[in-house]
Amino acid sequence: MVQQLKSIIEGLLFMAGDEGLTIKQIAEIVEIDNRLSEDIVRELKADMEQSGRGIRIAEVAGAFRFTTHPDHAAYFERMAYSPSRSSLSQAALETLAIIAYRQPITRIEIEEIRGVKSEKAIQTLAAKDLVEEKGRAEQIGRPILYGTTRSFLDHFELGSLEALPEPSALTPEAELEEQTQLLFGRLDGRDMDSGKES
């Protein structure tokens, strides 16, 4: 029973991403009391640390979330700035288009528009300093609001967000596709490592 609950909670924390989950939220979802919820989360946290896993559970601002092993930071930094990872994937570019045109916006709202998980794309964009946290939404769980950065304007040679190309499409799906293509057009032939995208 406890092992099954650990497995469920591990999956929930994975789904919650950077926003994490509080003990109360976990207890409500799994339908157990708060004390048992906290005991299991702390056991799971200890299990992951004792087994030397690359993923840890951290408590940040009252919520539990996954984080990477601090001793491996140099490798994550190397991965983030690897030349082979300098260009934006289609998923990242699509996510960036949504954030640029609809900011401030939560990860859940982005995923509702894209129809797929977007946490990795958001992390990639944040690592490249193209998006950043802009605050918290006045909703249950106070999800993070994302918006573009000053570096985004520099990369796309925009004086302000008002200078973003205006899409002409009518349907939301076609509009997203056009917004993505408009941004891609601005990136075409540019090198991200020199401050612009290739």
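Among the residues of segment 33-70, which ones are among the β-branched types (Val, Ile, Thr) and in contact with a helix residue (DSSP H, G or I) (Cβ under 7 Å, 6 or more places away or on another chain)? Steps first, answer last, please.
Going residue by residue through segment 33-70, those that are among the β-branched types (Val, Ile, Thr) are 40-41, 55, 57, 60, 67-68.
Those that are among the β-branched types (Val, Ile, Thr) and in contact with a helix residue (DSSP H, G or I) (Cβ under 7 Å, 6 or more places away or on another chain): ILE40, VAL41, ILE55, ILE57, THR68.
What do you reckon, is GLU133 of a type in the set (Asp, Glu) and part of a strand (DSSP E or B)?
Values: of a type in the set (Asp, Glu): yes; part of a strand (DSSP E or B): yes.
Spelling it out, GLU133 is indeed of a type in the set (Asp, Glu) and part of a strand (DSSP E or B).
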What number of residues in segment 44-60 are surrounded by 14 or more Cβ atoms within 10 Å (Cβ to Cβ) and of a type in the set (S, T, N, Q)? 0
Can you find a residue in segment 31-43 that is part of a helix (DSSP H, G or I), surrounded by fewer than 13 Cβ atoms within 10 Å (Cβ to Cβ) and modelled with pLDDT of 90 or more? yes
Hey, SER37 hits all of (1) of a type in the set (Ser, Thr, Tyr); (2) free of Cβ contacts under 8 Å to residues at least 60 places away in the same chain; (3) under 24 Å from SER118 (Cβ atoms) but one; which does it fall short on? (3)
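Output the residue which, of all residues in segment 102-113 that are assigned to a helix (DSSP H, G or I) and without any contact (Cβ under 8 Å) to a residue 60 or more places away in the chain, is surrounded by the fewest Cβ atoms within 10 Å (Cβ to Cβ).
Going through segment 102-113, the residues assigned to a helix (DSSP H, G or I) turn out to be 102, 107-113.
Next, only the ones that are without any contact (Cβ under 8 Å) to a residue 60 or more places away in the chain stay: 102, 108-112.
Working: ARG102: 15, ILE108: 15, GLU109: 19, ILE110: 21, GLU111: 18, GLU112: 12.
So the residue we want is GLU112.
The values are calculated or read from the model by the stated rules, or taken from the named source; none is laboratory data. The shown structure was predicted, so the numbers you read here are calculated from the model rather than taken from an experiment. Because the Cβ atoms are built from the backbone with ideal geometry, glycine has one as well, and the counts that use them run over all protein chains shown.
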